[in-house]
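What follows is a short report on a single structure.
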Amino acid sequence: MTITDTTLKGLGTGTWAIDPTHTEVGFVARHLMVSKVRGSFDDVSGTVVVADDVTQSVADVTIKTASVSTGTADRDAHLRGEDFFDVEKFPEMSFRSTSFDGETLIGELTIKGVTKPVTLDVEFNGVATDPWGNEKAAFEAEGELNRTDWGLTWNAALEKGGVLVSEKIKLVLDVQLAKQA
């Protein structure tokens, strides 16, 4: 559902914090040019400040790069190393929105000290009150990026052509927010 002034009434203005236990920041990459590898980051924090004019709302997100998880310990260790996220030098990546039109969120993604624009298609899933009286809101977002734009260039050529890991990465976000007092 597009976020409009009508749906904003259900969401309300103010500050919402990312609920890390109900949020997934995921990614999908092609492996061997034929299959997909999925992963996520387990340590995500941030806020969304919803403005009276929804297009003026701002999202700020911080992700701990060491929290990358693909379900395979060796691959996760490689992703944490210098070939990819280099978590010792760059323990965090961040996203800050720059514009929002109700469907498309554009912002600046910083990985390994490199900041580039990224575009996410956003779907608003609604607002609910949990059994303890806390207001929650949920969103889904998807986008694509070329990992080499952020210096994530490691790869291996395949014997029959192609590469081990795709440059194109799909971002898949499922975000739950908690209304702040």
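A few comments on the model shown:
- The set of residues in region 14-41 that are part of a loop (DSSP other than H, G, I, E, B) and more than 20 Å from ASN146 (Cβ to Cβ) comprises ASP19, THR23.
Rundown of residues vs (1) surrounded by 14 or more Cβ atoms within 10 Å (Cβ to Cβ); (2) among the aromatic types (Phe, Trp, Tyr); (3) assigned to a strand (DSSP E or B), yes/no style:
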{"site": "GLY102", "(1), (2), (3)": "yes, no, no"}
{"site": "PRO117", "(1), (2), (3)": "no, no, yes"}
{"site": "PHE124", "(1), (2), (3)": "yes, yes, yes"}
{"site": "VAL127", "(1), (2), (3)": "yes, no, yes"}
{"site": "PRO131", "(1), (2), (3)": "no, no, no"}
{"site": "GLU140", "(1), (2), (3)": "yes, no, yes"}
{"site": "ILE169", "(1), (2), (3)": "yes, no, yes"}
{"site": "ALA178", "(1), (2), (3)": "yes, no, yes"}
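- If you go through region 99-125 and keep only what is charged (D, E, K, R) and under 16 Å from THR148 (Cβ atoms), you end up with LYS112, LYS116.
- Inter-residue pairs, beta-carbon under 8 Å, first at negative phi and of a type in the set (Lys, Arg) and in region 124-144, second part of a strand (DSSP E or B) and surrounded by 12 or more Cβ atoms within 10 Å (Cβ to Cβ), 6+ apart: LYS136/VAL127; LYS136/ALA128; LYS136/GLN176; LYS136/LEU177; LYS136/ALA178; LYS136/LYS179
- Summed over region 122-159, residues that are within 16 Å of the chain's Cα centre (by Cα) and of a type in the set (A, V, I, L, M, F, W, C) total 7.
- Residue within region 58-74 that is among the acidic types (Asp, Glu), loosely packed, with under 15 Cβ neighbours inside 10 Å and modelled with pLDDT under 95 present: no
- For region 34-57, taking the residues that are of a type in the set (A, V, I, L, M) and either free of Cβ contacts under 8 Å to residues at least 24 places away in the same chain or surrounded by fewer than 15 Cβ atoms within 10 Å (Cβ to Cβ) (or both), the one that is nearest to VAL175 (Cα to Cα) is identified as ALA51.
- The test for being assigned to a loop (DSSP other than H, G, I, E, B), modelled with pLDDT of 95 or more and not aliphatic (A, V, I, L, M) holds for LYS89.
- Among (1) modelled with pLDDT of 95 or more; (2) farther than 19 Å from LEU105 by Cα; (3) of a type outside the set (A, V, I, L, M) - the single one HIS31 does not satisfy: (1)
- Residue count for region 52-74, restricted to those that are among the hydrophobic types (A, V, I, L, M, F, W, C), under 20 Å from GLN176 (Cβ atoms) and not in a helix (DSSP H, G or I): 4
- Residue match in region 90-101 (condition: within 21 Å of GLY46 (Cα to Cα), touching a residue at least 40 places away in the same chain (Cβ under 8 Å) and among the polar types (S, T, N, Q)): yes
- Only one entry in VAL118, VAL165, VAL172 is closer than 21 Å to PHE84 by Cβ, without any contact (Cβ under 8 Å) to a residue 60 or more places away in the chain and among the aliphatic types (A, V, I, L, M), namely VAL118.
The values are calculated or read from the model by the stated rules, or taken from the named source; none is laboratory data. All of these numbers come straight from a predicted model, not from anything done at the bench. Counting neighbours? That spans all protein chains shown, and the Cβs are built from the backbone with ideal geometry, glycine included.
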